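In what follows, a single structure is set out as structure tokens and then discussed.
Every number in this text was worked out from the coordinates using simple rules, so none of it is lab data. Remember, it's a predicted structure, so these values are computed and weren't measured experimentally. No Cβ is skipped: glycine too gets one built from the backbone with ideal geometry, and neighbour counts run over all protein chains shown.
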Amino acid sequence: MGESSIKTVQEITREMINKGTQTARDIFRQCIRPIYGATKDGRPEHLGSAILLQLAEGPFMLTAAHNLDWNSTTSLYLGVRKAEKLELTAILSATVDGSRDDDVYDFAFARLPDPLVAEIGLERFIGEDYISKSVADTPGRTYTCLGYPNSKNRTPPHFDTSVSPVMAAYTSNGVPMDRLGQKYRNETHILIDFNFKYSRDEAGKRVCSIKPNGFSGGAVIDIGRLSDPQSIAEPPSPMLIGLFIEAHRDKRAIVATRIAPALEAVRRKGLIR
């Protein structure tokens with residue numbers, strides 16, 4: 001056996017992370033779309049990301065509630081083939097004294113009207129069987145964040161222009177909840193380590209990290225417990241587990257709201273049907 005055929009655990013782990021990231025992109029990229037607002041002179045402005053879900057109740061859009069808060073000052077549009085105007089009623093997590101700043105859940109479900117669904121195409125919606133119900137501790141697990149960063153998405157000059165959004169992926173490990181104090185709970189949230197300066201590409205080379213602005217409302221995919229040598233022997237089975245809601249530069253952390261508990265909460269209250 002030649003030396004070239006011998007790999008370290010670190011090399012194998014990196015290969016599995018790369019494979020898991022690519023598999024996550026392949027499965028979920030079609031269901032993640034950009035959200036736009038409008039500038040004062042009527043041009044599109046990229047705001048964030050959204051996830052298209054096919055639930056038992058019908059086709060829904062899931063995004064960060066703060067993305068839809070922009071609707072108080074601008075019309076909102078979903079990037080499909082072109083920017084399609086969003087005219088819908090949404091179920092948003094509650095603000096605290098009218099401020100979104102202290103809303104730790106920051107999610108919004110909105111049923112999409114039939115004409116917009118027809119324009120999007122049902123094949124872009126991801127089924128509920130792809131949503132993970134796991135509440136396993138985040139440390140030791142690896143997650144891929146998928147969304148549309150502002151830095152990579154120059155908006156089209158007009159709303160009737162076709163859109164060609166550029167998705168980005170960031171993969172890292174889960175970290176303990178106490179990195180952000182007592183604000184979040186494992187049952188409802190995921191914290192992911194994020195280096196705002198540098199990250200690693202597929203070859204393990206250090207590169208400048210993608211700025212997270214615009215990722216809000218995007219997907220967080222659980223690609224497995226890749227810190228466990230026994231786990232990396234099996235092919236990754238990525239599952240949609242979280243909604244990207246914010247990133248904290250000072251604490252080097254991405255925050256995601258777990259989708260399954262959020263969906264259970266709105267169903268329990270009879271808010272979606």
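For the chain, with a Gaussian network of springs between Cα atoms less than 10 Å apart, report the residue from Pro59, Pro115, Pro34 with the top mean-square fluctuation.
It is Pro115.
Would you grab the residues whose amide H sits under 5 Å from the one on Ala253? Only those 5+ places off in sequence or on another chain, please, with H modelled 1.01 Å from N.
Amide H neighbours of Ala253: Phe194, His248.
Using the Kirkwood formula on the Cα atoms of segment 19-88, what hydrodynamic radius do you get, in angstrom to one decimal?
The answer is 13.2 Å.
Compute the semi-axes of the equivalent ellipsoid of segment 3-268, taking the square root of 5 times each eigenvalue of the Cα gyration tensor, and list them largest first in whole Å.
Values for segment 3-268, descending: 30, 21, 18 Å.
³J(HN,Hα) across segment 141-148 via Karplus (A = 6.51, B = -1.76, C = 1.60, θ = phi - 60°), whole Hz, x for Gly/Pro?
So the Karplus estimates, Gly and Pro as x, are 9, 10, 10, 10, 9, 10, x, 10 Hz.
Starting from the Cα-Cα distance between Ser151 and Glu87, subtract it from 0.36 nm times their residue separation and give me the gain in nm to one decimal.
20.4 nm
Which of the pairs Lys133/Lys197; Lys7/Lys152; Lys40/Lys85; Lys152/Lys183; Lys85/Lys183 have their Cα atoms more than 24 Å apart in this structure?
In this structure, Lys133/Lys197; Lys7/Lys152; Lys152/Lys183; Lys85/Lys183 lie more than 24 Å apart at Cα.
Of the candidates Asp106, Asp137, Asp26, which one comes out as most mobile in a Gaussian network treatment of the chain with C-alpha springs shorter than 10 Å?
Asp26
Taking the Cα centre of segment 3-268 as origin, sum charge times position over the Cβ atoms of Lys and Arg (+1) and Asp and Glu (-1), and report the length of that vector in debye to the nearest 20.
680
Which value, in debye to the nearest 20, gives the size of the charge dipole of segment 149-200 about its Cα centre, when Lys and Arg are +1 and Asp and Glu are -1 at the Cβ?
200
Give the aspartates and glutamates reachable from Lys19 as a straight Cα distance under 18 Å; neighbours fewer than 8 places away on the same chain don't count.
Result set, ordered by chain and number: Glu11, Asp201, Glu202, Asp222, Asp228, Glu234.
For segment 3-268, calculate the relative contact order in percent as a whole number, restricting contacts to Cα pairs under 8 Å that are 6 or more residues apart.
24 percent.
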